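Input: a single structure, listed below in structure tokens.
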Amino acid sequence: GNANALRRRQIESGNNYQTFTGNGYLGAYQFASSTWAAGVAAVGGSVSDFSSAHQDQVANWYANSRYGGWQNVPTNGGW
């Protein structure tokens, strides 16, 4: 696993892939719905698939596309 990915999940959701609080943000990484949709379009699958593996795929896409890799993702605060 990736330490920064785990840290990001801990910050966003307490590392809970089932986090859907109704705040408009989705899953372990608390993606905005627009970001989730863009990530799913990039990696494939369905926007209704919130399996941990799919969430990780979208998170990897986001970390790479926005930050150039997990090593550059902030380990505190928002992302």
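Given axes a ≥ b ≥ c from the Cα gyration tensor, I'd like to know whether the stretch 3-79 is rounded (a/c under 1.5), prolate (a/b larger than b/c) or oblate. Oblate, since a/c reaches 1.5 and b/c is not below a/b. Using the 1.4 Å probe convention, the accessible area of the chain works out to 52 Å² per residue with neighbouring protein chains retained.
Rounded to whole numbers, the Karplus 3J(HN,Hα) couplings from phi for the stretch 46-60 are 10, 5, 8, 8, 9, 4, 4, 4, 5, 4, 5, 4, 5, 5, 5 Hz, using 6.51 cos²θ - 1.76 cosθ + 1.60 with θ = phi - 60°, and x at Gly and Pro. Overall, the accessible surface of the chain at a probe of 1.4 angstrom is composed of carbon and sulfur to the extent of 48 percent.
Restricting the chymotrypsin sites (Phe, Trp or Tyr not before Pro) of the stretch 1-49 to loop positions (DSSP other than H, G, I, E, B) with no more than 15 neighbouring Cβ atoms within 10 Å leaves Phe20.
Put simply, the amide H of Leu26, placed in the peptide plane, has neighbours under 5 Å in Phe31, Ala32, leaving out anything fewer than 5 places away on its chain.
Across the stretch 65-79, rounded Karplus estimates of 3J(HN,Hα) from the backbone phi angles (6.51 cos²θ - 1.76 cosθ + 1.60, θ = phi - 60°) give 6, 8, 10, x, x, 4, 5, 9, 6, x, 9, 8, x, x, 10 Hz, Gly and Pro being marked x.
The values are calculated or read from the model by the stated rules, or taken from the named source; none is laboratory data. On a predicted model such as this, the values are computed, not experimentally measured, just so you know. Don't worry about glycine lacking a Cβ; one is built from the backbone with ideal geometry, like all the others, and counts go over all protein chains shown. SASA here: full protein model, heavy atoms, side chains in, ligands and nucleic acids out. Shrake-Rupley method; radii C 1.70, N 1.55, O 1.52, S 1.80 Å.
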